[in-house]
Ligand code: HEC
């Protein structure tokens with residue numbers, strides 16, 4: 001008669017598998033604080049205890065039927081701790097007599113084959129892999145588990161929500177309050193790449209939209225270049241709807257515009273213009289001498 005796996009091992013495995021399943025099917029449900037999760041655990045543990053008691057009864061009945069010798073052997077075996085047994089079974093080497101019992105009746109050239117039972121660690125891994133695979137496939141098929149696009153969409157949503165929340169409370173940046181800051185140039189450049197490059201081209205050298213690095217301007221609405229750019233972003237062009245009012249139509253916020261305007265100030269005033277000879281667009285509009293510095 002074989003000794004049984006202790007209930008503590010069953011409980012540990014059950015807890016492991018349950019957490020695995022919750023991680024896959026409901027990872028963001030904060031299941032650790034859900035009464036459903038703990039209820040399920042409790043029921044599973046109670047069922048395992050019932051199973052264990054039935055096992056005890058069956059074992060007692062079977063034990064009675066054993067011969068004295070078998071009884072002694074069983075009790076001896078039972079004394080060895082479970083993990084010790086597991087370890088032994090993984091590395092057990094049969095004695096010569098035991099080998100005879102499991103020797104398969106064929107051979108070639110003196111090579112014979114033993115009918116070993118599979119080691120427990122191998123079986124354990126096999127069943128773990130089997131169950132994991134089934135849970136994984138079900139989770140993949142029916143939930144968002146392991147779908148990077150779904151994760152990205154969700155993350156983006158939370159991110160946008162937190163930005164919207166920030167915008168609600170943060171002080172508004174408008175034409176009045178917008179300030180040039182050299183710290184904004186780098187971020188402004190990134191925003192320029194996403195929103196403006198399609199028309200004003202790399203580095204603002206001009207394309208569909210005018211060259212933003214030269215001294216010529218079609219629209220002159222403010223005294224300083226920084227504010228003039230901000231004005232354009234708020235109101236768009238009055239003569240050409242291709243240049244949209246980016247702030248008013250909600251594409252960018254005042255805060256973004258403040259950064260983009262800093263970048264355009266930088267490429268217009270702090271670096272050399274990109275001339276037509278260098279691939280820049282020809283000057284459009286009139287030459288402008290901006291009165292105020294960068295405010
Ligand atoms: C769909 C194309 C397009 C996009 C995108 C675009 N612009 Fe323009 N932009 C134009 C055109 C066309 C003009 C010229 C308008 C006019 O003739 O009055 C212009 C004019 C301007 C002017 C005034 C230039 C002048 O000489 O008067 C500024 C400043 C400007 N854009 C900045 C931006 C910024 C910053 C962005 C990105 C947030 C941007 N634009 C995105 C097409 C575009």
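The values are calculated or read from the model by the stated rules, or taken from the named source; none is laboratory data. Values in this document were obtained by computation on a predicted structure and should not be read as measured data. Don't worry about glycine lacking a Cβ; one is built from the backbone with ideal geometry, like all the others, and counts go over all protein chains shown.
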> Tell me, which helices (runs of 4 or more DSSP H) wholly within the stretch 147-243 include 3 or more residues that are more than 8 Å from the ligand (Cβ to nearest atom)?
Replying inline: 148-169, 185-195, 225-235
>> Condition (residue is over 24 Å from residue 250 (Cβ atoms) and surrounded by 11 or more Cβ atoms within 10 Å (Cβ to Cβ)) applied to the stretch 150-173: is it met by at least one residue?
In response: yes
>> Show the residue pairs meeting these rules: Cβ distance below 9 Å; 6+ apart or different chains; first residue within the stretch 228-239 and touching a residue at least 60 places away in the same chain (Cβ under 8 Å); second residue near the ligand (Cβ under 6 Å from one of its atoms).
In response: 228/217; 228/219; 234/246
> Does at least one position in the stretch 271-279 carry a residue that is within 23 Å of residue 174 (Cα to Cα) and either within 11 Å of the ligand (Cβ to nearest atom) or crowded, with 19+ Cβ neighbours inside 10 Å (or both)?
Replying inline: no
> Is it the case that the stretch 49-63 has a residue that's in the same structural domain as residue 136 (by TED's automatic domain parsing) and within 30 Å of residue 150 (Cβ to Cβ)?
Replying inline: no
>> I need the full set of residues from the stretch 29-54 which are in contact (Cβ under 8 Å) with a residue 12 or more places away in the chain and either under 23 Å from the mean Cα position of the chain (by Cα) or surrounded by 14 or more Cβ atoms within 10 Å (Cβ to Cβ) (or both), in order please.
In response: 37, 40, 41, 44, 45, 48, 52
>> Can you tell me which of (1) away from the ligand (no atom under 11 Å from the Cβ); (2) surrounded by 12 or more Cβ atoms within 10 Å (Cβ to Cβ) is the one residue 251 doesn't meet?
In response: (1)
